[in-house]
Amino acid sequence: QTVLNFNSQVLESTVSGKVEKWFAEEVTKRTNGEVKIKVFFGEGLGRATESLSLMSDGAVDLASMSAGFYPAELPLTSAPNSIPMALSTVSQSMQLMTRLLNEVPAIREEHKQNGIRALFFHNLNPYYLVSTSPLTKLSDLNGKKMRTWGSEMPKLAAAAGAIPVTLGLAELYESLSRGGIDVAPFSYDYVRDYRLYEVAPHISTVPAFVGPTGGVWISEAAWSRLSPEQQDIVNQVAEEALQRDYDEVTGAADVAREYLEQNGVTIHEFPEEELAKWRDANPDFFADFVSSMTASGKGDAAEHMVRIWEEVRGSGE
Amino acid sequence: MIANLNRYAATLAGIALLLMAIVGALDVVGATTGRPLVGTHEITETLMVIAIFMALASAQQRNAHIRVELFTRQLSPSLQVALSVFALVCSLACFALIAYFGWSSTLRSISTGEFRQGQLGFPVWPARMALALGSTLMVLQCLREIFVGLTTRSRAEQP
Amino acid sequence: MDETVVGIISVLGMLGLLISGVPVGVTLSIVGVAGMYFGLSSSFAFGQLRSLPFSVSSNYAFAILPLFVLMGIVAERSGMTVKLFDAAHVWLRSVRGGLYQVVIAGSAMFAAISGSTVVNAIVFTRMAFPEMIRHGYSRSLSLGCIASAGSFAAMIPPSATMVIYAIMTEQSVGQLLLAGIIPGILSAVAYALGIMILVRVAPGLAPATLPAHPMKDKLRALTWVWPVALLFVIVMGGIYGGLFPPSAAGAVGATGIILIALLFTRGSLKGWLYPSLQEAAYISCTIFIILIGGLLFSRMLVAVGIIPELVAFFRSFELGPIGFLIGVSIFLIILGCFLDTTSMLVVTLPFLFPISQEIGVNPIWFGIIVVKLIEISVITPPIGLNLFAVQSAAGPEASFSEIVRGVMPFLLIELVVLALLIAVPGLSLWIPNSI
Ligand code: NA
Ligand code: NA
């Protein structure tokens, strides 16, 4: 029997957590108990920012972690985690990640260099703007303090005249309640799970961020311990887990939206023309991505990625 | 010489701490006036590693590391020396491992060009090196104290 | 190796090394890594050794710790706290044990700024302990009082512990924070009453009372308080006025006190700034080494899989609501002797919370009980973070056994408060239910 340790960055109670649990149990079931995956939720074996190092050292075998934590090690893979307003639906984001993995060899190469292999990427509902006061036009954001992360989101905030504030998730609730921040990009289900609606009763449908969240990864060392049949099973379960994740995640958004509306949240449709104004004010995130990748010799791959991005965005789903 | 190195390192730790305070405060002042400092988190995290690990050996020299002295006090002097040498060997082993992996991570970090997720894209190797360097100084300090402990012991055993 | 065997050997090994005088952080690291090595694999042990020390020492969430430590030390070194406690003494010298009450009330107020029990313990050790000794208070009880009152930081918001609980169990953060108000005040009042009784039973614990000062002197003494009061207003006002998040309060507090100290010393940097920086670095360093060791040890226990087994054992008793809460209390008090608080929460809640819901325990009430148990865990030996924090901040004069002795009366008080919280759910639920 092969026992694999899985360090998860999410809690067991979350949608992603439930899918990971299903994935682990299903692999055991279909390999007739030959492969057992022990999931440690809530960063039980290490913070998500440690997971890559833990996997390359063989300390953990699988991990769920966001590629966004590793801009140097996974520059191409982490781009969809950081570029704002790049897509508009969850389905597009799932398509994008699948196509990038299959069609851009440099991405798989990048994983291989780090001794890891991507199994599937969790889906994430669109991050709209949850706020303490209504936001119905671009000028409403002027001077507002907005929670951001990474290198690109602050530019999105600045383009709208908002003040970017870096803030940990644990401080989100209390900061919104005291006016430490006024706006945070977040999804319907997270607004419910983190109880933000108690202190920020407005959501504007600005697709501030649409993309993947953490992925589920396996180290090459652990992968090579599996027989070819077992590897096929893992791949198969991963593929099903992705679809399952999609259904659960998008389903959760509908349920959460209804819940939020019943609990006093007003959802504001952000006008198309105001959104267009915002997009015009943004820097060209894709061009910046390509030029920074060109500097490290990955320009061709980056351009290829951007083409796929545009096709997916044009697909309209 | 080791004592001097430790003192310089500890001074550096103190300066890092002061800078952490100033950077954080400037960010708050900036945010209230609409211009938050870029990269506060990244800078603070780097400074914090320096503040902690550069003070390590000097803290050892001042016998500041926390121990639970419940029984050792009632023992005979020579047994006390033996136990303190044992404790030093444990510390040495622990920090030798941390230093070893620290240096190896520093080299890895330099070769991959590791940087932090954030607005500055701040390199990580300086912080990793501070950890490795601080632990190495700690190892040297432990060696020095073991040497002193063993020589006092052999002197105590002479008639 | 079997999980139970690894668990037992680890705990015994840890006690053995601690008794031999091996530093706490080193003990926990060595046992943690050895447990990983023999219980799991060498690559697990070495991988953790590579990543964990760096991860802990570069975690922004911990940055408040060294900064608040610096704040406390500057307040002391620049002479502000001498004035502060002189003023307290002018007001309270006719009250037996008055400075204990100052520490209890002060720590409860500081808890409204700080979310870390360790920070509270260090700040008050630096500010209050030397003054308590100067005025003839019991060393041991002073240290114990400071360590124990430091635990208020977890129950009184801001409280990371509560936010983690609320998110893990899908409860309202706001309701939980509200629910903590009465238990937080109750604990402080219980401490104050406990001290009143204690100094009556054992008068040697506090200096003899002196006749009260005339009001004129008392009012004049108030003017000595301004530097610390000003700082408190800045930090408190900043957090509750939404100018900055609690995680930035450390930097604001440290910079603020340095500026105030400059006013206080009329612009002279001599004799306080450099020594304060040095000392804050030493204290932070020693605490972080313990945090690193504690996490290596906790992660080992988690990875080896001891905790699910313990929970299964616990579950086999099939208890009713009150029995369940008493059982959880005993379970977490024992676990809390060895585990770091966040690990304890993250590892046990996924098991304990569903049971509590099957039995029908109100989730907010359960949260308050759990937070209270977390508070208790930081002052229980052998691994109690607040005990080490006080020891580190007090310097070589304070011994571990002295602190543990001083904490004992407060542990007893904590158990009484815990029993009250279990017996009277209304203490936790009245405010959230009536809003
Ligand atoms: Na608090
Ligand atoms: Na404890």
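The values are calculated or read from the model by the stated rules, or taken from the named source; none is laboratory data. Computed from a predicted model, the values in this text were never measured in an experiment. No Cβ is skipped: glycine too gets one built from the backbone with ideal geometry, and neighbour counts run over all protein chains shown. Note: accessible area is taken over every heavy atom of the protein model, side chains too, but ligands, DNA and RNA are not part of it. Shrake-Rupley method; radii C 1.70, N 1.55, O 1.52, S 1.80 Å.
For the range A:259-288, how many residues meet the condition of being part of a helix (DSSP H, G or I) and in contact with a Leu (Cβ under 9 Å, 6 or more places away or on another chain)?
6
Just one of the numbered conditions (1) within 14 Å of another protein chain (Cβ to nearest Cβ); (2) under 23 Å from residue C:248 (Cβ atoms); (3) more than 16 Å from ligand 2 (Cβ to nearest atom) is not true of residue C:170; which one?
Just one mismatch for residue C:170, condition (2).
Suppose the filter is buried (at least 20 other Cβ atoms within 10 Å of the Cβ), away from ligand 2 (no atom under 16 Å from the Cβ) and either over 23 Å from residue C:140 (Cα atoms) or among the small types (Gly, Ala, Ser) (or both); does residue C:356 pass it?
Considered against the rule, which asks whether it is buried (at least 20 other Cβ atoms within 10 Å of the Cβ), away from ligand 2 (no atom under 16 Å from the Cβ) and either over 23 Å from residue C:140 (Cα atoms) or among the small types (Gly, Ala, Ser) (or both), residue C:356 comes out as yes.
Within the range B:108-139, count every residue that is more than 19 Å from the chain's Cα centre (by Cα) and either part of a loop (DSSP other than H, G, I, E, B) or modelled with pLDDT of 95 or more (or both).
9
Would you please name the residue that is nearest to ligand 2 (Cβ to nearest atom), looking only at residues in the range C:381-398 that are open to solvent by 10 Å² or more (accessible area, probe 1.4 Å) and under 17 Å from residue C:19 (Cβ atoms)?
Going through the qualifying residues, I end up with C:383.
Among the listed residues C:67, C:17, which satisfies the condition of being assigned to a helix (DSSP H, G or I) and either within 30 Å of residue C:267 (Cβ to Cβ) or open to solvent by less than 20 Å² (accessible area, probe 1.4 Å) (or both)?
Within the list C:67, C:17, the selection yields C:67.
Tell me, please, whether a residue that is at the interface with chain C (Cβ under 7 Å from one of its Cβ atoms), at pLDDT 95 or above and under 30 Å from residue A:82 (Cα atoms) can be found in the range B:68-90.
No, because not a single residue in the range B:68-90 is at the interface with chain C (Cβ under 7 Å from one of its Cβ atoms), at pLDDT 95 or above and under 30 Å from residue A:82 (Cα atoms).
Would you list the strands (runs of 3 or more DSSP E) that sit entirely within the range A:1-69 and hold 2 or more residues that are in contact (Cβ under 8 Å) with a residue 60 or more places away in the chain and touching a strand residue (DSSP E or B) at 6+ places or on another chain (Cβ under 6 Å)?
A:2-8, A:62-65
When you check residue C:94 against the structure, is it outside any helix (DSSP H, G or I) and more than 16 Å from ligand 1 (Cβ to nearest atom), yes or no?
Yes, satisfied.
Yes/no matrix, rows are residues, columns are (1) part of a loop (DSSP other than H, G, I, E, B); (2) hydroxyl-bearing (Ser, Thr, Tyr):
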position	(1), (2)
C:325	no, no
C:335	no, no
C:344	no, no
C:351	no, no
C:356	no, yes
C:368	no, no
C:380	yes, yes
C:383	yes, no
C:391	no, no
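Regarding the range C:136-144, can at least one residue be identified that is in contact (Cβ under 8 Å) with a residue 24 or more places away in the chain, within 16 Å of ligand 2 (Cβ to nearest atom) and of a type in the set (S, T, N, Q)?
No, the range C:136-144 contains no residue that is in contact (Cβ under 8 Å) with a residue 24 or more places away in the chain, within 16 Å of ligand 2 (Cβ to nearest atom) and of a type in the set (S, T, N, Q).
Select from the range C:149-182 the residues that are outside any helix (DSSP H, G or I) and more than 14 Å from ligand 1 (Cβ to nearest atom) and list them in ascending order.
Residues satisfying the conditions are C:170, C:171, C:172.
Would you call residue A:78 without any contact (Cβ under 8 Å) to a residue 40 or more places away in the chain, closer than 20 Å to residue C:47 by Cα and not aromatic (Phe, Trp, Tyr)?
Answer is no for this residue.
With respect to the numbered conditions (1) within 22 Å of the chain's Cα centre (by Cα); (2) in contact (Cβ under 8 Å) with a residue 60 or more places away in the chain; (3) surrounded by fewer than 18 Cβ atoms within 10 Å (Cβ to Cβ), which one is the sole condition not fulfilled by residue C:210?
It is condition (1) that residue C:210 fails.
Hey, could you check the range C:400-419 for residues that are open to solvent by 10 Å² or more (accessible area, probe 1.4 Å) and within 13 Å of another protein chain (Cβ to nearest Cβ) and say which is farthest from ligand 1 (Cβ to nearest atom)?
C:401
Return only the number of the condition from (1) surrounded by fewer than 23 Cβ atoms within 10 Å (Cβ to Cβ); (2) within 9 Å of another protein chain (Cβ to nearest Cβ) that residue A:91 does not satisfy.
Of (1) surrounded by fewer than 23 Cβ atoms within 10 Å (Cβ to Cβ); (2) within 9 Å of another protein chain (Cβ to nearest Cβ), only one is false for residue A:91: (2).
Any residue in the range B:15-26 that's assigned to a helix (DSSP H, G or I): show its pairings with residues that are buried (at least 23 other Cβ atoms within 10 Å of the Cβ) and polar (S, T, N, Q) at Cβ separation under 7 Å, as long as the two are six or more apart or on different chains.
B:20/B:44; B:21/C:255; B:22/C:255; B:23/B:40; B:23/B:44; B:24/B:40; B:24/B:44; B:25/C:255
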